[in-house]
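**Q** One structure follows; several queries about it will come next.
Only the coordinates and a few stated rules stand behind these numbers; no lab work does. Since the structure is predicted, the reported quantities are computational estimates derived from the model, not experimental observations. Cβ: placed from backbone, ideal geometry, glycine included. Neighbour counts: every protein chain shown.
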Amino acid sequence: MNKQPVQLIFADTNHHYLSSKTNWHDLLALDWEQVSYIAIDASDIDDAYEALLRIRQLGSANIYLRPLIFISRESKELSWKWKAADGVINFKNEAQIDWSFWAEQVESYNRWIKKLTDEDESVDGHLTVKILRMLVSRNLIAEPLATTDMVSGFIYPKLQPFFTLKDMGVVQMLAYLEKQQLLIPSFIDKAHFCNHCDSAFLNFKETCPQCHSHDLETLELIHHFKCAHTADITQFKQNDGSLVCPKCDQTLTHIGVDYDKPSTVNKCRTCSYVGQDSEVVAQCYQCGKKTNSEHLEVRRINRYNISSIGINAAYYGLDTYFTNILETELQLLSLREFELFTNIEAARIERYKKSESSLAIVQLIELEKVYLALGSKAKQVFSELASIFKAVFRESDVITAYNESIFAVLMTETSKDSADIALNRLSESVKQLFSQNFDSLQEVSTKSILVNAELDIKRVLDNFLNAQEN
Ligand SMILES: [Zn+2]
Ligand SMILES: [Zn+2]
Ligand SMILES: [Zn+2]
């Protein structure tokens, strides 16, 4: 049996390319610019998805970005895998399929792919860039879908096929792209994840605070108005089902008249503890570990739009990304390493009381507009911007990028006054670079703080960011 699930539909002629001898090697050698879309036989959706996966995971944008359409005799589309394709053609009689319909629908995608590949075939093929390209070429908003098929519990069907098993999950990847300001989130849902294995499948259980048993029952409290006695319902209930107050022996007949039910209590069947306290523990279906619900990983599940920076990165790759350029000029530390350095410096200053060091924060305001305005020139501009950073700060200064437009610099052996002078020089040089060469303004916002033992870098950066946004 030589099953061949892939047909290629050519743009102008709607001619189908399909032969029993076609193999993956032939596919790679095709003139892809002539291909409008790939129609994949989806009589078995799992096979069809496998074929789609293989195409999306290839390295050439000419192929992996190409529109993929499932064709199917059935219209039962239960699995999320159906949503992984750009479209679905349902048919009763293959001869009646209008192949040109989808050719028109996906024409704008193909135009975008052509523009991209005309520009530069060699642009980088990082997973991040592939994701951005998928979104930009389709003008797509990444929509989450709840599923039991994945331990992550949520899936972004059109993006999932780009991921291999060794990549980080799609939810984490999108959160990372958001942090890099490449995507703009809007809130859809919140979910709890196991902090051992990242699974979203958790069994939440109320636990006895005394003996940690899960065998709790929830009981109603009864409050007898006349004598004010309050106890759980089992203390009142008789064998015949009637309620009699254990304190004053009266029969309770009418709720609201004789008694009310102010709340509930938990009763442990193991140790007989009765009370309103209980701990909620989540047990993971995947790894079996138990975690107190307060310690679970809580993530926002967002819908994502692409930002201007993201659109630029989709075209030109992450080489034009300012932090990447800065990285080659200066050694950028991770925020964690930066905090560590600063804490050591703070301890040193505290101990010897001989010198001062300053923390400088630099923000390039509305940098995303620069990305969009400069397009392919962004790389050149950002190289010059990086040179300014290099000229102003010293070899011994330590730098981190909080995000693509906010930077923190530990200026050792530098008073706050000297730090302000350096920051002024930086602002002026940046403004000059933009006004002289690109006929545009670039505002820079800065702040300096003396380093001491109380300094909390993350809080300072968060406050700085919030102050700028408000
Ligand atoms: Zn107990
Ligand atoms: Zn009573
Ligand atoms: Zn787990």
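**Q** Which ordering of Ile399, Ile141, Ile406 is given by a fewest-first count of other beta-carbon atoms within 10 Å?
**A** The most exposed by this proxy come first: Ile141, Ile406, Ile399.
**Q** For the stretch 321-469, what is the per residue volume of the convex hull drawn over the alpha-carbon atoms, in cubic angstrom?
**A** 96 Å³
**Q** Let me ask another. What does the highest-first list of 126-133, 194-201, 27-34 look like by mean Cβ count within 10 Å?
**A** Result, highest mean first: 126-133, 194-201, 27-34.
**Q** In nm, what is the difference between 0.36 nm times the number of residues separating Asp118 and Glu220 and their Cα-Cα distance?
**A** Result for the pair: 29.6 nm of gain on full extension.
**Q** Taking the Cβ-Cβ separation of Gln172 and Lys237 as r and a Förster radius of 41 Å, what is the calculated FRET efficiency to the nearest 0.05?
**A** 0.20
**Q** What list do you get for Tyr49, Tyr37 if you sort them by fewest beta carbons within 10 Å?
**A** Tyr49, Tyr37
**Q** Compute the FRET efficiency between Leu28 and Gln105 as 1/(1 + (r/R0)^6), taking r as their Cβ-Cβ distance and R0 = 22 Å, and round to the nearest 0.05.
**A** So the FRET efficiency works out to roughly 0.30.
**Q** Which helices, counted as full DSSP H runs in the chain, have an axial Cα extent of no less than 27 Å and a Kyte-Doolittle average of -1.0 or above?
**A** Both cut-offs are met by 416-437.
**Q** Ok, one more. Report, largest value first, the span of the C-alpha coordinates of the stretch 215-277 along each principal axis, in whole Å.
**A** In descending order, the Cα extents are 33, 23, 17 Å.
**Q** Let me have the 222 nm mean residue ellipticity of the chain computed from DSSP H runs of 4+ only, each contributing -39500 (n - 2.57), with the sum over all residues rounded to the nearest 500.
**A** Value at 222 nm, helices only, nearest 500: -10000 deg cm²/dmol.
**Q** Check cross-link reach from Lys267 to the lysines: straight Cα distance under 18 Å, and skip same-chain residues fewer than eight apart.
**A** Lys205, Lys237
**Q** Next question. Highest first, please rank the peptides 66-74, 297-305, 455-463 by the mean number of other Cβ atoms sitting within 10 Å of their residues.
**A** 66-74, 297-305, 455-463
**Q** In nm, to one decimal, how far is the modelled label at Glu337 from the one at Ser440, with both set 7 Å along Cα→Cβ?
**A** 3.1 nm
**Q** Find the all-direction average of the projected area of the Cα convex hull for the chain, expressing the result in square nanometres with one decimal place.
**A** Mean orientational projected area (the chain, Cα hull): 36.2 nm².
**Q** Take Thr342, Thr234 and order them by how many other Cβ atoms sit within 10 Å, fewest up front.
**A** So the ranking, lowest neighbour count to highest, is Thr234, Thr342.
**Q** Let me ask another. In a shell of Cβ-Cβ distance under 15 Å around Phe193, excluding Phe193 itself, what net charge do Lys and Arg (+1) and Asp and Glu (-1) give?
**A** +1
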